[in-house]
Amino acid sequence: MTAPTAIADVLSRVAAIQNQINTLAGVKPTTSTTATASTTAAASSSTSGASGTDFSSLLSQLNGSSDATGGPGATDSTSTATGDAAVSAAESYLGTPYVWGGESSTGIDCSGLTQASYKSLGISLPRTAAEQQKVGTAVDSIADAKPGDLIFYGNPAHHVTMYIGNNKLIEAPTEGQSVHIKTVYGHPSSIRRVVSDSSVSSGYSSATSPAVSGTGLNAAVMKYSAQFKAAETKYGLPTGLLAAVAQQESGGNTSAMSKAGAVGLMQFMPSTAAGLGVDPLNPSSAIDGAGRMYAGLLSKYSGSVPLALAAYNAGSGAVDKYGGIPPYSETQNYVKKVTALMTTKGAQLS
């Protein structure tokens, strides 16, 4: 939509509101045509262009909508939305090429990444970095940042990234590069918090995570819930990780064997099991071995659950080669299914 069209739409909306006021006051409405929902949506989406006019904020005010955290354009989600979950959603785009104006796994830009990540949690952010810079509450410094906080460069912002913890951020950088994780750099102009209940940035704490529920898990997997929890506590893993992996790997079948030769509840390859000193057909041994393996993978990938899952499925070599989740449909589906199981149970992801 062009700027003149957007202005016309705003004026039309003003006329519609005036008609409503007139009706309540007993005054005959004017004949002006009111804006339709689709027109309003189109006007809002037009702000992804470079006109510099904040029509989405104006339309938001006309519609009487506001962000529960105090900034324009954001819609508060349910209480289950956390910064960690936003990070997990962002990490599902690792390896996606940067495309200006892109909003999908085939190509995405910086504000498209942050918008899509929060959209998956039911939180609506504006489309551009400059608009997102007005959302939420201010964070004083990187030292105070938590996973899910938005880090901006420029004022008004020309680039936005997402803090993931441990002085790391995830971003869709620039043409010729892909979504990646790197150490916080330069001098951010501002940091904004979209949700207030993100877990601490130092890592996972199984002791404070919700207990594993049976949602999405069958009885065969739930049989080992106490052992999963014990291993997660022992190795400092996010709650629900091992149960979700077992559900996806074997469905709880301790004798399962894949076409590739993976064995048991946690589907270890014999060579991997031997290297870890694990009996893959013994559930207790397999669960403990998987706990040790995931502790190592999470350490290697700065606490990223999606990358650890991808490495468990496709190998660390493939993750390192592609700088993120490999472009294998099996691995991408595996990561999505396991993280979905974890999110259902309220597990902490990053």
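Scanning the range 289-301 finds one or more residues that are in contact with a Phe, Trp or Tyr (Cβ under 6 Å, 6 or more places away or on another chain) and under 30 Å from N166 (Cβ atoms).
The lone criterion from (1) in contact (Cβ under 8 Å) with a residue 60 or more places away in the chain; (2) out of contact with any helix residue (DSSP H, G or I) (no Cβ under 7 Å at 6 or more places or on another chain) left unmet by L298 is number (2). Scanning the range 245-259 for residues that are among the hydrophobic types (A, V, I, L, M, F, W, C) and in contact with a Phe, Trp or Tyr (Cβ under 9 Å, 6 or more places away or on another chain) yields V245, A246.
For G324, the stated conditions hold: it is under 22 Å from L169 (Cα atoms) and in contact with a His (Cβ under 8 Å, 6 or more places away or on another chain). Scanning the range 145-164 for residues that are in a strand (DSSP E or B), out of contact with any Leu (no Cβ under 8 Å at 6 or more places or on another chain) and over 12 Å from A86 (Cβ atoms) yields a count of 3. Scanning the range 261-271 for residues that are in contact (Cβ under 8 Å) with a residue 12 or more places away in the chain and either surrounded by fewer than 17 Cβ atoms within 10 Å (Cβ to Cβ) or among the aromatic types (F, W, Y) (or both) turns up just one, F268. Criterion applied to S88, S120 was being buried (at least 19 other Cβ atoms within 10 Å of the Cβ), under 15 Å from V194 (Cβ atoms) and of a type in the set (S, T, N, Q), and the one residue passing it is S88. Taking the criterion of being surrounded by fewer than 19 Cβ atoms within 10 Å (Cβ to Cβ), within 22 Å of L307 (Cβ to Cβ) and touching a residue at least 60 places away in the same chain (Cβ under 8 Å), would at least one residue in the range 142-156 satisfy it? Scanning the range 142-156, I find no residue that is surrounded by fewer than 19 Cβ atoms within 10 Å (Cβ to Cβ), within 22 Å of L307 (Cβ to Cβ) and touching a residue at least 60 places away in the same chain (Cβ under 8 Å), so the answer is no.
Within the range 183-190, can one find any residue that is modelled with pLDDT of 95 or more, more than 27 Å from Y322 (Cα to Cα) and part of a strand (DSSP E or B)? Yes. Scanning the range 277-289 for residues that are buried (at least 21 other Cβ atoms within 10 Å of the Cβ) and either in contact with a strand residue (DSSP E or B) (Cβ under 9 Å, 6 or more places away or on another chain) or of a type in the set (D, E, K, R) (or both) yields V278, P280, A286, D288, G289. Taking the range 88-103 as the range and being more than 18 Å from V319 (Cβ to Cβ) and modelled with pLDDT of 90 or more as the test, the residues that pass are Y98, V99, W100, G101, G102, E103. I need the full set of residues from the range 226-250 which are under 26 Å from the mean Cα position of the chain (by Cα) and small (G, A, S), in order please. Of everything in the range 226-250, those that are under 26 Å from the mean Cα position of the chain (by Cα) and small (G, A, S) turn out to be A231, G236, G240, A243, A244, A246. Out of V278, V200, V194, V263, one residue alone is β-branched (V, I, T), modelled with pLDDT of 90 or more and within 20 Å of the chain's Cα centre (by Cα). It is V194. Return yes or no: is G214 on the phi > 0 side of the Ramachandran plot, in a loop (DSSP other than H, G, I, E, B) and either modelled with pLDDT under 85 or loosely packed, with under 15 Cβ neighbours inside 10 Å (or both)? No: the conditions fail for G214. Scoring S284 on the criteria (1) more than 26 Å from S92 (Cα to Cα); (2) not in a helix (DSSP H, G or I) leaves a single failure, condition (2). For the range 217-234, how many residues are part of a helix (DSSP H, G or I), open to solvent by less than 70 Å² (accessible area, probe 1.4 Å) and over 9 Å from G291 (Cβ atoms)? Residues in the range 217-234 being part of a helix (DSSP H, G or I), open to solvent by less than 70 Å² (accessible area, probe 1.4 Å) and over 9 Å from G291 (Cβ atoms): 6 in total.
This table checks each residue for (1) farther than 17 Å from Y224 by Cα; (2) open to solvent by 20 Å² or more (accessible area, probe 1.4 Å).
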{"residue": "E249", "(1), (2)": "no, yes"}
{"residue": "K259", "(1), (2)": "yes, yes"}
{"residue": "G275", "(1), (2)": "yes, yes"}
{"residue": "G291", "(1), (2)": "no, no"}
{"residue": "A310", "(1), (2)": "yes, no"}
{"residue": "G317", "(1), (2)": "yes, yes"}
{"residue": "K321", "(1), (2)": "yes, yes"}
{"residue": "P326", "(1), (2)": "yes, no"}
{"residue": "Y334", "(1), (2)": "yes, no"}
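Of the candidates T137, T106, the single residue that is closer than 21 Å to P306 by Cα, touching a strand residue (DSSP E or B) at 6+ places or on another chain (Cβ under 9 Å), surrounded by fewer than 19 Cβ atoms within 10 Å (Cβ to Cβ) and of a type in the set (V, I, T) is T106.
The values are calculated or read from the model by the stated rules, or taken from the named source; none is laboratory data. Nothing here was measured: the structure is a model prediction, and the numbers come from that model. Glycine also receives a Cβ, built like all others from the backbone with ideal geometry; neighbour counts cover every protein chain displayed. The protein model used for the area step is the full one, side chains on, heavy atoms only, and it has no ligands, DNA or RNA in it. Shrake-Rupley method; radii C 1.70, N 1.55, O 1.52, S 1.80 Å.
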